[in-house]
Structures are given as C-alpha cells and as structure tokens.
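A.B. asks: One structure is given below, represented as structure tokens, and several questions about it will come after.
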Amino acid sequence: MRIEFFKSKTCVKCPTVKKVLEEELAARGLKYSEVVVEKYIENPDNLTDLMMYDELEVPFLVFRKNGKEVYLSSQQLKGDIREKIASVLEAFL
C-alpha cells in the first residue's frame, strides 16, 4: 500500500491528519515513513499532481494498492477524521 498525502506548509488541518495517519498505520503494524509520501503543493510538480484529481485544497489523501485508488478530499476529511481514515485502511488491508 502507498498513500500520497498532499499538504501545504500553511495547512491548519494537515498536522492533525498526519498524526491520525501515523497512529492508524501503527495500530496496523505499518510505519508512516514506509507507506506515506508527503507532497507539498508549494512544489509546482506536486500541485500539478493534485490538480490531476481536480482538487486544489489540502489535505488530500490518495490510497493505492494493487491498482486500486481511493481518495479522501479536504471536504471528506471534515468531521471524524480518524473514522474516515480507519475505514479506508480497513478496506485496503
């Protein structure tokens, strides 16, 4: 599994999403540093990648495994972040 985490240096919600991802991955025996690729949108290439998903807002998560992709947009990450991330992880593991 691979997770792309689109974020920015000024994103208020991004540290919370990172913490939840770290905890949920650890609970499943996975290391954040081995699974997650952080992509700062201040980098034009990363912003272009984000725009390919028709998104401009962060945080934005892309979960990938065996050719399957699931996205969690900043809009979807409102409310119970942990529940939403855990739900996607359970579906992928």
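A.B. asks: Among what's in the range 48-83 and is part of a helix (DSSP H, G or I) and touching a Lys or Arg at 6+ places or on another chain (Cβ under 9 Å), pick the residue that is most open to solvent (accessible area, probe 1.4 Å).
C.D. replies: First, the residues of the range 48-83 that are part of a helix (DSSP H, G or I): 48-51, 81-83.
Within this subset, residues satisfying the condition of being touching a Lys or Arg at 6+ places or on another chain (Cβ under 9 Å) are 49-50, 81.
On the way: D49: 55, L50: 0, I81: 20 Å².
Per the stated criteria, the residue is D49.
A.B. asks: Kindly check whether there is at least one residue in the range 24-34 that is open to solvent by 20 Å² or more (accessible area, probe 1.4 Å), within 18 Å of R2 (Cα to Cα) and touching a strand residue (DSSP E or B) at 6+ places or on another chain (Cβ under 7 Å).
C.D. replies: no
A.B. asks: Among all residue pairs at least 6 apart or on different chains, which show Cβ distances below 7 Å where the first residue, located in the range 1-13, is touching a residue at least 24 places away in the same chain (Cβ under 8 Å) and the second is polar (S, T, N, Q) and open to solvent by 20 Å² or more (accessible area, probe 1.4 Å)?
C.D. replies: Close Cβ pairs satisfying both conditions: F6/N46.
A.B. asks: Please tell me if L89 is open to solvent by 30 Å² or more (accessible area, probe 1.4 Å), modelled with pLDDT of 95 or more and assigned to a helix (DSSP H, G or I).
C.D. replies: Numbers: open to solvent by 30 Å² or more (accessible area, probe 1.4 Å): no; modelled with pLDDT of 95 or more: yes; assigned to a helix (DSSP H, G or I): yes.
The answer is no for L89.
A.B. asks: Oh, and also: Of the residues that sit in the range 1-47 and are of a type in the set (G, A, S) and part of a helix (DSSP H, G or I), which one is farthest from A91 (Cα to Cα)? Don't jump to the end; show me each part of the working.
C.D. replies: Step one: filter the range 1-47 for residues of a type in the set (G, A, S), giving 8, 26-27, 29, 33.
Next, only the ones that are part of a helix (DSSP H, G or I) stay: 26-27, 33.
Values: A26: 16, A27: 15, S33: 21 Å.
The qualifying residue farthest from A91 (Cα to Cα) is S33.
The values are calculated or read from the model by the stated rules, or taken from the named source; none is laboratory data. Since the structure is predicted, the reported quantities are computational estimates derived from the model, not experimental observations. Positions of Cβ are generated from backbone atoms using ideal geometry, with glycine treated the same way; all protein chains shown enter the neighbour counts. The protein model used for the area step is the full one, side chains on, heavy atoms only, and it has no ligands, DNA or RNA in it. Shrake-Rupley method; radii C 1.70, N 1.55, O 1.52, S 1.80 Å.
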